[in-house]
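Visitor: Okay, here's the structure, questions in a sec.
The values are calculated or read from the model by the stated rules, or taken from the named source; none is laboratory data. Just so it is clear, the structure is predicted and the values come from calculations on it, not from any experiment. As a convention, Cβ positions derive from the backbone with ideal geometry for all residues, glycine included, and neighbour counts pool all protein chains shown.
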Amino acid sequence: MSQNPPNLRPDLAPQPVFNANPRSDQPTIGMVSLGCPKALVDSERILTRLRAEGYQISADYAGADAVVVNTCGFLDSAKAESLEAIGEALQENGKVIVTGCLGAEPDYITGVHPKVLAVTGPHQYEQVLDAVHGAVPPAPDPFVDLLPASGVKLTPRHFSYLKISEGCNHACKFCIIPDMRGKLASRPAHAVLREAEKLVQAGVKELLVISQDTSAYGLDRRYSTHDWKGEEIRSHITDLSRELGRLAPADDLWVRLHYVYPYPHVRDLIPLMADTSNAVLPYLDIPFQHAHPATLKRMARPAASAKVLDEIKAWRDICPDITLRSTFIVGYPGETEEEFQYLLDWMDEAQLDRVGCFQYENVAGARSNALPDHVPAELKQERWDRFMEKAQAISEAKLEAKVGTIQQVIVDDIDEDGIATCRTKADAPEIDGNLFIDEGTEGLSVGDLVTVEVDEAGEYDLWGGLTKA
């Protein structure tokens, strides 16, 4: 029942959720959204524009007049998945428009699928719309095609991804995101806050703040200031987080931060997380990737893993309830047994709450491809197994310590047997664990925030019962 299986891919977004009731003469566009939550936000923006122009949205290839495939190009396996999705859409529908990260390599796509109608790169919304117009002219009805203020969402109604910037200024050797999505480009603070406020007004209970490098938010704007409800707010992650946490009472809203690099100013966020009156959750998703200094140097990433342990201790001193999640790469070129064992020992010290791991893959265009001493596939698998065994043991012990505690949870689903699938503040959707309520759920609805007493723990999940009012 766990949503955090050991072979979790860290770059997968939630499955899109569609609500389609087209009128008889309405043109319909299908959407396939692959890749990370940042790509999902791009899909939402494309679909919001299309809905405003009178198109209906469908998840059914056969029922659509054309299909937009939003691709992922981060790993070779993701590229293969994208090509497969394009081929399936061509076979089932025939009219296919390709966008997203893999769209930055149009010749690569058309070399395999020459019949696609158009190929556009990531966040090239106007070009996607132009391609759709060419394939299926719009037919809007202003009296029928009313668009909610929050736009089209591909996630459940009670949570939403909030993208605060595009691109990245890092030059990690294993990553080609800057080549596909460009340098850091932050949205002004008041624009982010206005979007967030509309989402909360529309009933969203959890805002998941995402970008390629959340900690760097506003750096490209030189932390410009903007008026927000009579106050001057910097385009800085500390100011932005504080104001997001004020959009609703902490009992009614969760604000969760993803992809936070451990820059020194991140420590300024921790008091916000310790403040129970602010809706910013005590949760940090930090992409450490590895711990050994030599491995990190080959990755072209900051190599002060010992100082990171000091930072983690300082964060926990300020906010003892903080949940730390990260992802790691094993089998990076040149990784020795000593370096890998260092990572395992570091994990013992860090005691991270939530951990994902994937085996290194070559990515076309990445500088890491040219590094010497690539790790054999069978050794990568063996190290991945050992890493996940370590992470699982840490997770199991931490969850066992929660038995008997009272936790606020958000309800994600209630099945036909009345079993409620929920998440605690320590669990992000799709990538972390769940808390299950097996009985007494008759009065619950999806999106409710309720309190639960934990009575059982597993490797990744918890079970409990509703507390009495």
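Visitor: Go through the range 244-255 and give me each residue that's outside any strand (DSSP E or B) and in contact with a strand residue (DSSP E or B) (Cβ under 6 Å, 6 or more places away or on another chain). Step through it out loud before you land on a result.
Guide: Restricting attention to the range 244-255, the residues satisfying the condition of being outside any strand (DSSP E or B) are 244-253.
Selection gives Leu244, Gly245.
Visitor: Also, I was wondering about something else. Could you check the range 42-63 and list, in sequence order, the residues that are aliphatic (A, V, I, L, M) and farther than 16 Å from Leu129 by Cα?
Guide: Step one: of the range 42-63, the residues aliphatic (A, V, I, L, M) are 46-47, 50, 52, 57, 59, 62.
Across the range 42-63, the qualifying residues are Ala59, Ala62.
Visitor: Now, a different point. Given (1) closer than 30 Å to Val330 by Cβ; (2) surrounded by 21 or more Cβ atoms within 10 Å (Cβ to Cβ); (3) touching a strand residue (DSSP E or B) at 6+ places or on another chain (Cβ under 6 Å), where does Ile410 come up short, assuming only one miss?
Guide: Going through the list (1) closer than 30 Å to Val330 by Cβ; (2) surrounded by 21 or more Cβ atoms within 10 Å (Cβ to Cβ); (3) touching a strand residue (DSSP E or B) at 6+ places or on another chain (Cβ under 6 Å), Ile410 breaks only (1).
Visitor: Ok, one more. What's the number of the only condition in (1) under 26 Å from the mean Cα position of the chain (by Cα); (2) surrounded by fewer than 15 Cβ atoms within 10 Å (Cβ to Cβ); (3) in contact (Cβ under 8 Å) with a residue 60 or more places away in the chain that Leu449 fails to meet?
Guide: (2)
Visitor: From the list Leu352, Leu343, exactly one residue is crowded, with 18+ Cβ neighbours inside 10 Å and within 20 Å of the chain's Cα centre (by Cα). Which is it? If you could, list the steps in order and put the result at the bottom.
Guide: Numbers: Leu343 fails: within 20 Å of the chain's Cα centre (by Cα).
Of Leu352, Leu343, the one residue that is crowded, with 18+ Cβ neighbours inside 10 Å and within 20 Å of the chain's Cα centre (by Cα) is Leu352.
Visitor: May I ask you to list the residues in the range 188-199 that are within 17 Å of Arg242 (Cβ to Cβ) and crowded, with 21+ Cβ neighbours inside 10 Å?
Guide: The answer is Ala189, Val192, Leu193, Ala196.
Visitor: Could you tell me whether any residue of the range 302-314 is part of a loop (DSSP other than H, G, I, E, B), surrounded by fewer than 19 Cβ atoms within 10 Å (Cβ to Cβ) and among the hydrophobic types (A, V, I, L, M, F, W, C)? If you could, list the steps in order and put the result at the bottom.
Guide: As a first pass, look at the range 302-314 and keep what is part of a loop (DSSP other than H, G, I, E, B): 302-304.
Now drop any that are not surrounded by fewer than 19 Cβ atoms within 10 Å (Cβ to Cβ), which leaves 302-304.
Adding the requirement that they be among the hydrophobic types (A, V, I, L, M, F, W, C) leaves 303-304.
So far as the range 302-314 goes, yes, one or more of its residues are part of a loop (DSSP other than H, G, I, E, B), surrounded by fewer than 19 Cβ atoms within 10 Å (Cβ to Cβ) and among the hydrophobic types (A, V, I, L, M, F, W, C).
Visitor: For Ile210, indicate whether it is under 25 Å from Thr327 (Cβ atoms) and at pLDDT below 95. Steps first, answer last, please.
Guide: On the way: under 25 Å from Thr327 (Cβ atoms): yes; at pLDDT below 95: yes.
Criteria met by Ile210.
Visitor: In the set Asn369, Asn362, which member is at pLDDT below 95, assigned by TED's automatic domain parsing to the domain that holds Pro178, outside any loop (DSSP other than H, G, I, E, B) and farther than 30 Å from Leu207 by Cα? Quick ask: steps written out before the conclusion?
Guide: Numbers: Asn362 fails: outside any loop (DSSP other than H, G, I, E, B).
Asn369 is the lone residue from the list that is at pLDDT below 95, assigned by TED's automatic domain parsing to the domain that holds Pro178, outside any loop (DSSP other than H, G, I, E, B) and farther than 30 Å from Leu207 by Cα.
Visitor: How many of the residues making up the range 92-108 are of a type in the set (Ser, Thr, Tyr) and crowded, with 21+ Cβ neighbours inside 10 Å? Reasoning before the result, please.
Guide: First pass over the range 92-108, keeping only residues of a type in the set (Ser, Thr, Tyr): 99, 108.
Then drop every residue that is not crowded, with 21+ Cβ neighbours inside 10 Å, which leaves 99.
Residues that pass the stated criteria total 1.
Visitor: Hey, among the residues in the range 369-381 that are loosely packed, with under 14 Cβ neighbours inside 10 Å and among the aliphatic types (A, V, I, L, M), which one's nearest to Glu335 (Cα to Cα)?
Guide: Looking at residues that are loosely packed, with under 14 Cβ neighbours inside 10 Å and among the aliphatic types (A, V, I, L, M), I get Ala377.
Visitor: Now for a different question. Within the range 427-452, which residues are more than 20 Å from Leu281 (Cβ to Cβ) and assigned to a strand (DSSP E or B)?
Guide: Correct list: Phe436, Ile437.
Visitor: If we keep just the residues of the range 382-402 that are within 23 Å of the chain's Cα centre (by Cα) and of a type outside the set (A, V, I, L, M, F, W, C), which is surrounded by the most Cβ atoms within 10 Å (Cβ to Cβ)?
Guide: Ser395
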